[in-house]
Amino acid sequence: MKTPVFYDPSGKRNKATLMGVIALAAAASLLFLGLILSVLFVPVPRQLDLHMEASHASRWNFQTHDARHPHRFRNLTRHADTPQKIIGFYVPWDDGSRAAFESHASDMDVVIGAFASVSGPQNTYSYQPDVRFHKVLAAAKKAPVLLTMVQNTSLKGFERENTRRLLTNVTARTQLLAQIEDTLKQEKSGGVVFDFENLEPAALKPYLALLKEARARLGARGYSVTATVPVDDPDWNLSAFAQATDKLFLMVYDQHSMVDKAGPIAAQDWFEGRLAVTMKAVPADKAIVCIGNYAYDWSKFGTTVLTVGDAWLIAHDSEAPVSFDRATGNSGFAYQENGVNHEVWMLDAVSAWNQLLAVHATDAYGVALWRLGSEDPGIWQDFAHFQGKTTPDLTTLNPAGNVDVEGAGEILRISATPTFGRRTVEFDAQRMAQNQVYQTLPTPYVVRRTGFKPGSIALTFDDGPDPKWTPKVLQILKAEHVPATFFVVGEKALGHPFLLKTLLAEGNELGNHTYTHPNMANIPAEWAKVELNSTQRVVEAYTGRSLRWLRAPYFGDAEPTTENELAPALLGQQMGYTSVGLHVDSEDWQRPGVQAIVNNVLKGVADGAASAASEACKEDINNCRSGQIVLLHDSGGDRQQTIDALPHIIRALKAQGYQFTTVSGLTDLPAAQAMPTLSGNDLAAVRFDVGIFMLLAWGAIGLQWLFIAAIVLGVLRALILSVMAIWADYSGHMDPPAETDDGRIADFVHARQVSVIIPAFNEARVIEASVRRVLTSVDVDIEVVVVDDGSKDETSAIVARAFANEPRVTLITQANAGKATAVNNGIARARGEIIIALDADTQFEPETIARLVRWFIRPEIGAVAGNAKVGNRFNFVTRWQGVEYVTAQNLERTALATFGAMMVVPGAVGAWRRSALEEVGGYPHDTLAEDQDLTIAIQRRGWAVAYDQDAVAWTEAPESFASLIKQRYRWAFGTLQCLWKHRRILKEGKPKGLAHIGLPQAWIFQIGFSVISPLIDLALLINIAATLWTISQHGLNQTDGTLERMLIYWTVFVAIDALCGWIAYMLEPREKRYPVFWLLSQRFVYRQIMYYVVLKALASAGRGLAVGWGKLERSGRVAPASTPQG
C-alpha cells in the first residue's frame, strides 16, 4: 500500500516545520521587540531656543487704610426663614466663565446668560446662542433656572447716547421687546435681565417705561422681568424701578470704579451702608444683592479689569505681598512694571464672605455672583456656609482660571503649570473674617507665545501625506515659490517615503501630527507618547531628520484655555516638541466651497493685521492677536476644494505684500534646528527601523492590491462559470446522449449490469434505507455490494437480515482497512461493467442510475458525475451547505465540464467505467479524496468525464459546525493531496482542460483564496473600525475613501455573487426558490470556516501528519427525493 501523500512516518518534517515556525516567530518577535523599543525610547532633545524671555514685574509699596479697629456688623435683623437664592452671571466670551459654570451649575438656583445686546445708532439687536453653555446646562444634575441678560453694550463699552435714543422711541422699544421675546423662546429662558448702565438722567424715565412695557408683555407670557441697578446713584429711583420689575439686582460694588482713583472696590462699611439704604427702597422679596469678585489694576495709563486669578498671578510674578485691609475688608497689593507703578484692589472669597453675612442678616431674596470665571474659587465655600452656622474652609487656594497667555504669535510653550496656594483666615465670634494672610499664591498654566512677525505668512498642511493630494499641493507651492510646513500623520507617512523626501527637497519642513490622529486629551499619556514617537521614527527612518514641531490633533488654538488643549501641548513639550497653534483656519476640512476657503483665509489674515496695527497691541504685546499661521489640509478626505483655493490664496496675499515662510521662519530659527539631522545612536536605531517600516508599508500596499486582485479574479471566475453553465445548458453541449427512434439508448442501459458498491462503517442507522433506495432504481440491471469495513454496530446484521432473500444484494465483511480498500474489494467481487461507489448516507432517485449509465454509450466516457443535493436542510449549517452544493459545486461542475476540466466525480453520485478504474489501479490509498484522485487519474489516461444534472442524489450533510469542520478538513486535505500528486499535469500541459483550467483554478481559488481571504477580511474589519473611529473624531468629511472603495469592491463582488447564485438556481429545475439570504449570509461565518479548514490542511501537509477518514455520525434525516427543497 502506498504511503499517503504528504505523510512522513519518521516525523522529521513535523519537527523541521515546527522548528521553522518557531524560528520565524522568534525572528519576527525580535524584530517587533526592536521596533517597540525603538519607538518607546526616543531620546528627548533640548527645547528649541525661541527667545521667549518675558519681562517681570517687581513689588512696590502698598498702603492699606486705617486698620486700628476691627469691623463689626451693623444692627440688621433677619425675619424670613426662606433660604436665599444663589445666582451667577455667565458671560460667553470667557472660557473661564464656561469652566466655572460647568463646575458649579448644580450649586446655583439661577444662572444669568449674557447672550444679547442692543447697540449702535440703529439700535441693532444682537443675540448669540451658546451651544456649549446649553450642553453643560442640560448635563447638570440640578439644572439652575436660566435668565437671559440684555445689555446696552458695544465693543467700546456701555452706550449712553444711543441707548437714550432707543428708550425715548416707543416704536423702537416695542421692536426690542419683540426681539427679546423671540430670544427667550429660543433660549427656553425663564425671563429677562435688563442690564442698561451708564444711562443719562433723561433716559431713566423712558427706561422705566420700557420695563413696565416688558412686564406687561412678557409677564403675561410667564416670563419674569428683572433689571440691574446701581446703589450709589441718586438719579436712580430704586423704589420706582422695584415697582416696574419682578426683581432688582443691586450692584453693591464699584465704590472705587475704573473711572475713580485707586481704592477698595467695596469696603465692608460702605457695602453695609449702601445695602441698608437700598433695602429701605426695595422690597426684600425683590432684592437680589450682587456680590463682586474681581480686581482693578490702576496705573497712570488707566484702569484694567482683572479676574481674581489674574491678580494673584501678577502678585506672584512680581513677588508683591497681598495685604488684607482690616478697615475695609478688601485686599490689595502694588507692583511696578517697566517703571510704571500699579495699585491693585480685589474682591475675593474673604470680602465676599463678610458681604454674604451682611446680606443674610436681611430678608433679601438672594445673592448674585458677578461674575462666573472671575471669582476666587473659595466663594463657593462661602455660598455653602453663609446661611448656616459654620465658617468656610478657605485655606487652600485653587488656581482661579485655567491659563495665563503671554506674548504674541501662534507658536506656544507652557512655562508654568498649575500650583495650589495657601492662606489663613481669622474669624470672630460672629463668624466675621477679621484678617487673612496669603502665605503662597496659586498659579495657573502660563503659556508664552512667539512667532509674531507681521508681514509674514506660514502655510501649514495637516493630516497628510496623501498620494493623491499632497503632490498637487507641492506642484502649486513649487510653481508659486512658496514653502510650507506639513504636519504629518505617521500611518499615512509609512507608505510614502519618497513623498516625505520630496517635501523636504522642495524647501518645506515637517511637524508631528501623531500616528493615527487621535484626540490626545482622550487617550492615556503612554499611548499618546507612542503616537508621537511612532511618527517621529517613521520620519527619521525615511528622511534622516527628526521633528521638533507638534500640532496635536484638534489643537488648533493659539490661546489654549482648557485642560483638553493644554495637556497634549504639555506632554509634547515634555518630549521635546514645541506646539504650533493657529489663528487663521481655512475650514477646508468642512469643504465649504473654494471661495469660502479663500475668504476664510484672507479674513483671518486681515484680522491679524488689524490687531497688529491696533493701539492695544502697541501698548501691550499680550493684546496682539496675530494672523500668520494658516491651517489647510492635504489629506483626510476630498481635498479638491483646497487645491483649487490654494493658488488664489497665495496670489491674493502676495498682492497684499505678504512674504511666505515656514513655521521656523516666523521665529528666525534655522531649518537645521527645526529638523535636525540624526547622528549617533539615533542614526543606528533609524537604520534598524527603516527596513521594518518599509516592510510594513509594502505589506499594506500589497494587501490592498491583493484585495483588489482577489475581488477582480473572484468576479471574473464567477461570471465565466455562470456564462459557461448557461451556455452548456442552452447549447446542448452537455446534454446526455439523445434517445433514437429505435430505442438504442434504452437498450444500451438495459444491457449493462451496474454494480453499486456501498462501503459501510458503523452505518446501522442508514444502511437499510440506502440499499432499499438503490433497489428501487428503474430501467437498469443492478447489483448492490455492501462492504462492511469492520463496523462495531449492527451494520452487517441489518443487511443480512433485511436482504436475505434479495439476490441482487451481496454482503462482504472485512477488518477495518479504510474506504479505498473496501471499495476495491467490492469492485473485485462485483460483476458489473459500470461501477457506482455510493456513500451509505446518500439516497438515489429511481432514475438516477439509468441516467448515469446512458453516458457510457460514448466510448470515450470514463466516468459520469451526478447532481448531489443536500437532503437534510433544516438549520443554518445544512441550509448553507445546500446553497453551496447548488451555487458552487454543481455550477462549477457544469462549467468545468465544458472545458474538459472537471476536477471531481462526487462520491455521493458518480459512475465509473470498470475498465477505466482498472487502468488506473482502482481506488487509490494515498489520498483522502479518492473520488477526486480517480477523476484526475482517468483523465490523464485519456478518458473523458461527463456531468448529468438530472442524475440526482440526496445526501446527508453534516448538521453541526463541528461535524462540518471535520468533513471539510478531510476534503481540503484530500484536495491538497490530489493537486500535489498530479502536479506534473501543469508541467506536461496534458490533459489540456486540467492543465490550463482545472488545476490552476483549484490552486488559485480553493487553496490560494483560502490563504489570503482571512487577511482580506481582517483588513476590511480594520478599515471599518478605523473609519468609524475617524468619523467619530472628525466627521464623515475626513475619511480618506479607503473603506468606501473597499466596500464598493466588496459590494460589487457580493452583488455579482448573488447574480451568479440566481443563475445557478435558475438552471436547477428541482430548486423552486432562490434563498438569497442563505447565499449572502454564508460570507459571515460559513466562508471563514472554509478558510480555516484549508489553512489547517496546509499546516498538516507541511508537517507530514497522518490524516484519517474521520467518520461522521449519521442522523438519517435525508428528506425523500421527491420533496422540494428550499
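The conditions are (1) modelled with pLDDT under 95; (2) among the small types (Gly, Ala, Ser); (3) in a helix (DSSP H, G or I), and Ala327 fails exactly one of them. Which is it?
(3)
Take Ile291 and decide whether it is under 14 Å from Asp232 (Cα atoms) and surrounded by 24 or more Cβ atoms within 10 Å (Cβ to Cβ).
Numbers: under 14 Å from Asp232 (Cα atoms): no; surrounded by 24 or more Cβ atoms within 10 Å (Cβ to Cβ): yes.
No, not satisfied.
Exactly one of (1) hydroxyl-bearing (Ser, Thr, Tyr); (2) closer than 24 Å to Val774 by Cα; (3) in contact with a helix residue (DSSP H, G or I) (Cβ under 6 Å, 6 or more places away or on another chain) is unmet by Tyr969. Its number?
If we test Tyr969 against (1) hydroxyl-bearing (Ser, Thr, Tyr); (2) closer than 24 Å to Val774 by Cα; (3) in contact with a helix residue (DSSP H, G or I) (Cβ under 6 Å, 6 or more places away or on another chain), just (2) comes out false.
Just one of Pro483, Pro467, Pro442 is outside the structural domain of Ile643 (by TED's automatic domain parsing) and of a type outside the set (Lys, Arg); which is it? Can you show your working first?
Working: Pro483 fails: outside the structural domain of Ile643 (by TED's automatic domain parsing); Pro467 fails: outside the structural domain of Ile643 (by TED's automatic domain parsing).
Testing whether each residue is outside the structural domain of Ile643 (by TED's automatic domain parsing) and of a type outside the set (Lys, Arg) leaves just Pro442.
Among the helices (runs of 4 or more DSSP H) lying completely within the stretch 724-812, list those that include at least 1 residues that are within 18 Å of Gly826 (Cα to Cα). Spell out the reasoning first.
On the way: elements: 744-751, 767-775, 795-802.
The helices (runs of 4 or more DSSP H) meeting that bar are 767-775, 795-802.
What about Arg851, is it free of Cβ contacts under 8 Å to residues at least 40 places away in the same chain and under 17 Å from Arg752 (Cα atoms)?
Details: free of Cβ contacts under 8 Å to residues at least 40 places away in the same chain: no; under 17 Å from Arg752 (Cα atoms): yes.
Taking the combined requirement at face value, the residue does not satisfy it.
May I ask you to say which residue of Ile745, Ile758 is over 16 Å from Asn890 (Cα atoms) and crowded, with 19+ Cβ neighbours inside 10 Å?
Working: Ile745 fails: crowded, with 19+ Cβ neighbours inside 10 Å.
Matching residue, one of Ile745, Ile758: Ile758.
Identify all residues within the stretch 835-848 that are under 18 Å from Pro924 (Cα atoms) and buried (at least 24 other Cβ atoms within 10 Å of the Cβ); write none if there are none.
Once the filter is applied, which keeps residues that are under 18 Å from Pro924 (Cα atoms) and buried (at least 24 other Cβ atoms within 10 Å of the Cβ), the stretch 835-848 yields Ile835, Ile836, Ala837, Leu838.
For the stretch 149-176, which positions are closer than 19 Å to Arg217 by Cβ and assigned to a helix (DSSP H, G or I)?
Leu166, Leu167, Val170, Thr171, Ala172, Arg173, Thr174, Gln175, Leu176
Report yes if Val766 is at pLDDT below 95, surrounded by 15 or more Cβ atoms within 10 Å (Cβ to Cβ) and either outside the structural domain of Thr848 (by TED's automatic domain parsing) or touching a helix residue (DSSP H, G or I) at 6+ places or on another chain (Cβ under 9 Å) (or both), otherwise no. Before you say what the answer is, go through the steps one by one.
On the way: at pLDDT below 95: yes; surrounded by 15 or more Cβ atoms within 10 Å (Cβ to Cβ): yes; either outside the structural domain of Thr848 (by TED's automatic domain parsing) or touching a helix residue (DSSP H, G or I) at 6+ places or on another chain (Cβ under 9 Å) (or both): no.
No, not satisfied.
Counting only residues that are among the β-branched types (Val, Ile, Thr) and buried (at least 21 other Cβ atoms within 10 Å of the Cβ), how many does the stretch 849-867 have?
Taking the stretch 849-867 and keeping what is among the β-branched types (Val, Ile, Thr), we get 849, 853, 857, 861, 864.
Within this subset, residues satisfying the condition of being buried (at least 21 other Cβ atoms within 10 Å of the Cβ) are 849, 853, 864.
Final tally of qualifying residues: 3.
Yes or no, residue by residue, for (1) more than 30 Å from Phe452 (Cβ to Cβ); (2) assigned to a helix (DSSP H, G or I); (3) assigned by TED's automatic domain parsing to the domain that holds Phe1053:
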site	(1), (2), (3)
Arg625	no, no, no
Asp644	yes, yes, no
Arg651	no, yes, no
Ala709	yes, yes, no
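Read through the list (1) buried (at least 23 other Cβ atoms within 10 Å of the Cβ); (2) touching a Pro at 6+ places or on another chain (Cβ under 6 Å); (3) part of a loop (DSSP other than H, G, I, E, B), then give the number of the only condition that Tyr542 fails.
(3)
Looking only at the stretch 910-923, how many residues end up being surrounded by 24 or more Cβ atoms within 10 Å (Cβ to Cβ) and more than 16 Å from Asn867 (Cα to Cα)?
Step one: filter the stretch 910-923 for residues surrounded by 24 or more Cβ atoms within 10 Å (Cβ to Cβ), giving 910-912, 923.
Narrowing further to those that are more than 16 Å from Asn867 (Cα to Cα): 923.
Qualifying residue count, the stretch 910-923: 1.
Please verify whether the stretch 554-564 includes one or more residues that are hydroxyl-bearing (Ser, Thr, Tyr), touching a strand residue (DSSP E or B) at 6+ places or on another chain (Cβ under 6 Å) and not in a strand (DSSP E or B). Break it down into steps so the answer makes sense when it comes.
The initial filter retains those residues of the stretch 554-564 that are hydroxyl-bearing (Ser, Thr, Tyr), namely 554, 561-562.
Going one step further and asking which of them are touching a strand residue (DSSP E or B) at 6+ places or on another chain (Cβ under 6 Å), we end up with 561.
Retained after the next criterion (residues that are not in a strand (DSSP E or B)): 561.
For the stretch 554-564, residues hydroxyl-bearing (Ser, Thr, Tyr), touching a strand residue (DSSP E or B) at 6+ places or on another chain (Cβ under 6 Å) and not in a strand (DSSP E or B): present.
Mind listing whichever residues of the stretch 405-439 are of a type in the set (D, E, K, R), in contact (Cβ under 8 Å) with a residue 12 or more places away in the chain, surrounded by fewer than 21 Cβ atoms within 10 Å (Cβ to Cβ) and assigned to a strand (DSSP E or B)? Steps first, answer last, please.
Going through the stretch 405-439, the residues of a type in the set (D, E, K, R) turn out to be 406, 410, 413, 422-423, 426, 428, 431.
From what's left, in contact (Cβ under 8 Å) with a residue 12 or more places away in the chain: 406, 410, 413, 422-423, 428, 431.
Next, only the ones that are surrounded by fewer than 21 Cβ atoms within 10 Å (Cβ to Cβ) stay: 406, 413, 422, 428, 431.
Listed by number, the residues that qualify are Glu406, Arg413, Arg422.
Taking the stretch 116-148 as the region of interest, how many residues are touching a residue at least 12 places away in the same chain (Cβ under 8 Å) and part of a strand (DSSP E or B)?
Residues in the stretch 116-148 being touching a residue at least 12 places away in the same chain (Cβ under 8 Å) and part of a strand (DSSP E or B): 10 in total.
For a quick check of your reading of the model, give me the residue pairs whose first member lies in the stretch 508-537 and is within 30 Å of His481 (Cα to Cα) and assigned by TED's automatic domain parsing to the domain that holds Gly636, whose second is assigned to a loop (DSSP other than H, G, I, E, B) and of a type in the set (Gly, Ala, Ser), with beta-carbon atoms closer than 6 Å and at least 6 apart or on different chains.
Within 6 Å, the pairs are Asn508/Ala484.
Condition first: outside any loop (DSSP other than H, G, I, E, B), β-branched (Val, Ile, Thr) and surrounded by 13 or more Cβ atoms within 10 Å (Cβ to Cβ). Now tell me which residues in the stretch 1-35 satisfy that.
We begin by selecting, within the stretch 1-35, every residue outside any loop (DSSP other than H, G, I, E, B); these are 12-35.
Going one step further and asking which of them are β-branched (Val, Ile, Thr), we end up with 17, 21-22.
Those that are outside any loop (DSSP other than H, G, I, E, B), β-branched (Val, Ile, Thr) and surrounded by 13 or more Cβ atoms within 10 Å (Cβ to Cβ): Thr17, Val21.
Any residue in the stretch 1080-1098 that's in contact (Cβ under 8 Å) with a residue 60 or more places away in the chain: show its pairings with residues that are charged (D, E, K, R) at Cβ separation under 6 Å, as long as the two are six or more apart or on different chains.
Val1093/Arg968
Quick check on my filter: what residues within the stretch 597-639 are free of Cβ contacts under 8 Å to residues at least 40 places away in the same chain, polar (S, T, N, Q) and closer than 22 Å to Phe486 by Cβ?
Listed by number, the list holds a single entry, Asn600.
Test each condition in (1) buried (at least 16 other Cβ atoms within 10 Å of the Cβ); (2) over 21 Å from Ser38 (Cα atoms); (3) more than 33 Å from the chain's Cα centre (by Cα); (4) not small (Gly, Ala, Ser) for Lys654 and report the one that comes out false.
Failing condition for Lys654: (1).
Here's a check for you: in the stretch 440-475, which residue that is in a helix (DSSP H, G or I) and surrounded by 19 or more Cβ atoms within 10 Å (Cβ to Cβ) is nearest to the chain's Cα centre (by Cα)? Let's see the steps before the verdict.
Going residue by residue through the stretch 440-475, those that are in a helix (DSSP H, G or I) are 470-475.
Those left that are additionally surrounded by 19 or more Cβ atoms within 10 Å (Cβ to Cβ): 470, 473-474.
Values: Thr470: 23, Val473: 27, Leu474: 29 Å.
Here the answer is Thr470.
Hey, could you check the stretch 565-578 for residues that are out of contact with any strand residue (DSSP E or B) (no Cβ under 7 Å at 6 or more places or on another chain) and crowded, with 24+ Cβ neighbours inside 10 Å and say which is nearest to Ile36 (Cα to Cα)? Walk me through it before giving the result.
Of the stretch 565-578, the ones out of contact with any strand residue (DSSP E or B) (no Cβ under 7 Å at 6 or more places or on another chain) are 565, 567-568, 571, 574-576.
Next cut, crowded, with 24+ Cβ neighbours inside 10 Å only: 565, 568.
Numbers: Glu565: 28, Pro568: 22 Å.
So, considering only residues that are out of contact with any strand residue (DSSP E or B) (no Cβ under 7 Å at 6 or more places or on another chain) and crowded, with 24+ Cβ neighbours inside 10 Å, the one nearest to Ile36 (Cα to Cα) is Pro568.
Can you tell me which of Thr561, Thr578 is closer than 23 Å to Leu510 by Cβ, among the β-branched types (Val, Ile, Thr) and in contact (Cβ under 8 Å) with a residue 12 or more places away in the chain?
Sole residue among the options that is closer than 23 Å to Leu510 by Cβ, among the β-branched types (Val, Ile, Thr) and in contact (Cβ under 8 Å) with a residue 12 or more places away in the chain: Thr578.
Which one of the conditions (1) under 23 Å from Phe876 (Cα atoms); (2) crowded, with 17+ Cβ neighbours inside 10 Å does Gly907 fail to meet, given that it meets all the rest?
(1)
Which ones in the stretch 893-950 are touching a Ser or Thr at 6+ places or on another chain (Cβ under 7 Å) and in a helix (DSSP H, G or I)?
Gln932, Asp933
Condition first: closer than 15 Å to Ser770 by Cα and in a helix (DSSP H, G or I). Now tell me which residues in the stretch 825-884 satisfy that.
Answer for the stretch 825-884, where residues must be closer than 15 Å to Ser770 by Cα and in a helix (DSSP H, G or I): Thr848, Ile849.
Go through the stretch 212-241 residue by residue and tally those that are aliphatic (A, V, I, L, M), crowded, with 20+ Cβ neighbours inside 10 Å and not in a loop (DSSP other than H, G, I, E, B). Steps first, please.
Within the stretch 212-241, the first condition is being aliphatic (A, V, I, L, M), and the residues that meet it are 214, 216, 218, 220, 225, 227, 229, 231, 238, 240.
Those left that are additionally crowded, with 20+ Cβ neighbours inside 10 Å: 214, 225, 227, 229, 231, 238.
Retained after the next criterion (residues that are not in a loop (DSSP other than H, G, I, E, B)): 214, 225, 227, 229, 238.
Looking only at that region, the number is 5.
The values are calculated or read from the model by the stated rules, or taken from the named source; none is laboratory data. Being a predicted model, the structure only gives us computed values, none of them experimental. When we count neighbours, we look across all protein chains shown, and the Cβ atoms used for this are built from the backbone with ideal geometry, even at glycine.
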